[in-house]
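**Q** Dumping the structure here so I can ask a few things about it.
The values are calculated or read from the model by the stated rules, or taken from the named source; none is laboratory data. Since the model is a prediction, treat every value here as computed from it, not as a measurement. For neighbour counting, all protein chains shown are included, and Cβ atoms are generated from backbone atoms with ideal geometry for every residue, glycine included. Side chains are part of the model used for accessible areas, which takes the heavy atoms of the whole protein and leaves out ligands, DNA and RNA. Shrake-Rupley method; radii C 1.70, N 1.55, O 1.52, S 1.80 Å.
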Amino acid sequence: QVQLVESGGGLVQAGGSARLSCAASGRISSTYGMGWFRQAPGKEREFVAAISRSGGNTNYGDTVKGRFTISRDNARNTMYLQMNSLKPKETAVYYCAADRKGGYSHLARFYGDWGQGTQVTVSS
């Protein structure tokens, strides 16, 4: 079982940037598709972005297209999420997830491994 640990969250001003990391224990390169989801208080978990095994294909939620960039470094077993032009409504706990079948779907049910999440708070 792969273990995922997110980092990089914190307090950011509206319009600012943050970079999240997801470190995976165990080998994930060339095997798992990876994704980022977020959940705000009282709301359902929302798809943010996903990336294929090799990193050559990506998938973004409509609300973050053009502002967020997902990437991965398989040699380091780490995935990243660069977030720019952040908005207060994007305050949430951000989770990374892994799909053992290598997919990069926007649907949470395809991801079997999840991190504990990292809080991102965007102040106005």
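**Q** What does the stretch 18-60 give for Rg and for Dmax, in Å, if only its C-alpha atoms count?
**A** Gyration radius and largest Cα-Cα distance of the stretch 18-60: 12.2, 36 Å.
**Q** Roughly how many Å² of Thr78 are accessible to a 1.4 Å probe, to the nearest 10?
**A** The accessible area of Thr78 comes to roughly 20 Å².
**Q** Further, regarding this structure: Per residue of the stretch 14-20, what does 6.51 cos²θ - 1.76 cosθ + 1.60 with θ = phi - 60° give for ³J(HN,Hα)? Whole Hz please, x for Gly and Pro, Karplus curve as stated.
**A** These are the phi-based 3J(HN,Hα) values: 4, x, x, 10, 8, 10, 9 Hz.
**Q** Here is a further query. What does the charge count around Gly117 come to, taking other residues whose C-beta lies under 15 Å from its C-beta (Lys +1, Arg +1, Asp -1, Glu -1)?
**A** Details: positive: Arg38, Lys43, Arg45; negative: Glu6, Glu44, Glu46, Glu90, Asp113.
Within the 15 Å Cβ shell, the charges total -2.
**Q** Lys pairs in the chain, Cα-Cα under 23 Å, at least 8 apart or on separate chains: how many?
**A** Values: Lys43/Lys65; Lys43/Lys87; Lys43/Lys89; Lys65/Lys87; Lys65/Lys89.
Lysine pairs meeting the criterion: 5.
**Q** Could you please state how large a percent of the accessible area of the chain is carbon and sulfur, counting protein chains only and using a 1.4 Å probe? Provide the component values of the computation, followed by the final result.
**A** Working: 2860 of 6390 Å².
Answer for the chain is 45 percent, counting heavy atoms of protein chains only.
**Q** Of the beta bridges DSSP finds with both residues in the chain, what % are antiparallel, to the nearest 5? Don't skip to the end; give the middle numbers.
**A** Working: 37 of 41 bridges.
Percent antiparallel among DSSP bridges in the chain is about 90.
**Q** Here's something else I'd like to know. Taking H as built 1.01 Å from N, whose amide H comes closer than 5 Å to the amide H of Arg72, not counting residues under 5 places away?
**A** Placed amide hydrogens put Tyr80 under 5 Å from Arg72.
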